[in-house]
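Beneath this line is the structure, given in structure tokens, with notes to follow.
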Amino acid sequence: MGGGLVATWDTRDNAINAYSGHYFQLATYFNTSALGSDFTYNRYSLEYRGFKRLTKNTVLAVNVLGQFTTGQVPFLDFPRVGGDQILRGYASYRYRDRNRAAMQVEYRFPLFWRLGAVAFAGLGDVYDSPKEVSMNTLKYSYGGGLRFKLNRTERINLRLDYGWGRNSSAFYLAIIEAF
């Protein structure tokens, strides 16, 4: 159990599948025995999402994430990379540690009818101390995907992504964009 504060600034034209605008969130969570927690730790996170329409039908999307913890963090609450949202190309929950810094960029474009495609790339890592981050441990990913617009008005997509990472690859099927 814990509590926290979250501050969000959102100018996106659509929260599910933005073509333009910015999203910025700062959050802090405190877990203590006074609040009913078995563990005493703090988690601080920040996230930025930016969307720029390059042409009438193409979008460049950028996502930057940071998550930092202090105290006695339970393993399941460690920040992670991998999965269908950040650093696609690695299995979900494959990499975890006390802190995370990651970024990704995605180019979204239409194909025909309700079909679209994306190309994406990401870079990041999880670590106990910033001194541990190096080119040898830094995770990268890249890949592409197809989109099928389930709902044109709300811009809800069914997405099929395939990503590659360092000695790893993964396939993802999900509804709504990764970010």
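If you go through the stretch 53-66 and pick out every residue that is at pLDDT 95 or above and either in contact with a Phe, Trp or Tyr (Cβ under 7 Å, 6 or more places away or on another chain) or hydroxyl-bearing (Ser, Thr, Tyr) (or both), you end up with 8. Does the stretch 19-40 contain any residue that is in contact (Cβ under 8 Å) with a residue 40 or more places away in the chain and either among the charged types (D, E, K, R) or out of contact with any helix residue (DSSP H, G or I) (no Cβ under 9 Å at 6 or more places or on another chain) (or both)? Yes, that holds for at least one residue.
When the stretch 44-95 is limited to residues that are over 23 Å from ARG166 (Cα atoms) and polar (S, T, N, Q), the one that is surrounded by the most Cβ atoms within 10 Å (Cβ to Cβ) turns out to be THR69. Against the list (1) assigned to a strand (DSSP E or B); (2) small (Gly, Ala, Ser); (3) in contact with a Phe, Trp or Tyr (Cβ under 8 Å, 6 or more places away or on another chain); (4) buried (at least 17 other Cβ atoms within 10 Å of the Cβ), the condition ALA119 fails is (4).
Could you tell me whether any residue of the stretch 151-167 is crowded, with 18+ Cβ neighbours inside 10 Å, in a strand (DSSP E or B) and among the acidic types (Asp, Glu)? Looking for residues that are crowded, with 18+ Cβ neighbours inside 10 Å, in a strand (DSSP E or B) and among the acidic types (Asp, Glu), one finds at least one in the stretch 151-167, hence yes. Under the condition of being part of a strand (DSSP E or B) and without any contact (Cβ under 8 Å) to a residue 40 or more places away in the chain, the residues counted in the stretch 94-110 number 5.
The values are calculated or read from the model by the stated rules, or taken from the named source; none is laboratory data. Given the structure is predicted, the values throughout are model-derived calculations rather than measurements. In this analysis, Cβ positions are derived from the backbone assuming ideal geometry, glycine residues included, and neighbour counts consider all displayed protein chains.
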